[in-house]
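Engineer: Here it is, the structure in full.
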Amino acid sequence: MPKRVLIVDDAVFMRNMIRDIFSSGGYEVVGEAAHGIEAIEKYRTLKPDLTTMDIVMPYKSGIEATREIVRGDPKAVVVICSALGQESLVMEAIEAGAADFIVKPFRAEDVLTVVKKVLGETPKV
């Protein structure tokens, strides 16, 4: 059974790109959200195996949404997607409970490598 993924990003083109990466990698994209509030609601409803989370979004940031998701489900696996130059925000997201991060622009193989690592699908190096 494929792992279930929730994609959170305020940019439609980014959600589409991430969806294509996961679909081609054999994952099931069960939902998408455009901001942090929607991310929390969809996480609670869908209970995905993995959530990708943009940092800078309207209404509630990815850091706040990650903190709230992990507080409600300590086993939640959240991978932050950040732009170059957001290193301090990435560290804040990791402290909020994110499992790892991917820097935009990213390549499909880099995304899948990080995802497999955080889901325990490959040996940790």
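Values in this text are rule-based calculations from the coordinates and carry no lab data. Since the model is a prediction, treat every value here as computed from it, not as a measurement. Don't worry about glycine lacking a Cβ; one is built from the backbone with ideal geometry, like all the others, and counts go over all protein chains shown.
Engineer: For the chain, compute Rh as the Kirkwood radius over C-alpha pairs and then the Stokes-Einstein diffusion coefficient at 4 °C and 1.567 mPa s; write the answer in µm²/s, rounded to an integer. Show your work: numbers first, answer last.
Structural biologist: Working: Rh = 14.0 Å.
For the chosen part, D equals 92 µm²/s.
Engineer: Could I ask something else about it? Non-local amide H neighbours of Ala83 (under 5 Å, H modeled in plane, Pro and chain starts lacking H): which ones?
Structural biologist: Lys104
Engineer: Another question, then. Would you please give the residues with an amide H less than 5 Å from that of Met57, counting only those at least 5 places away or on a separate chain, with H modeled from the backbone geometry?
Structural biologist: Counting only residues 5 or more places away or on other chains, the set is Gly62.
Engineer: What is the distance, in nm, between label points placed 7 Å from the Cα along the Cα-to-Cβ direction at Phe106 and at Lys47?
Structural biologist: 2.5
Engineer: A follow-up question, please. Once Lys and Arg get +1 and Asp and Glu get -1 on their Cβ, which of Val8, Gly36, Ala76 lies farthest toward the positive end of the dipole of the chain?
Structural biologist: About the Cα centre, the residue reaching furthest to the positive side is Ala76.
Engineer: List every residue whose amide H lies under 5 Å from the amide H of Lys3, counting only residues 5 or more places away in sequence or on a different chain, with H placed 1.01 Å from N in the peptide plane.
Structural biologist: Under 5 Å from the amide H of Lys3: Glu28.
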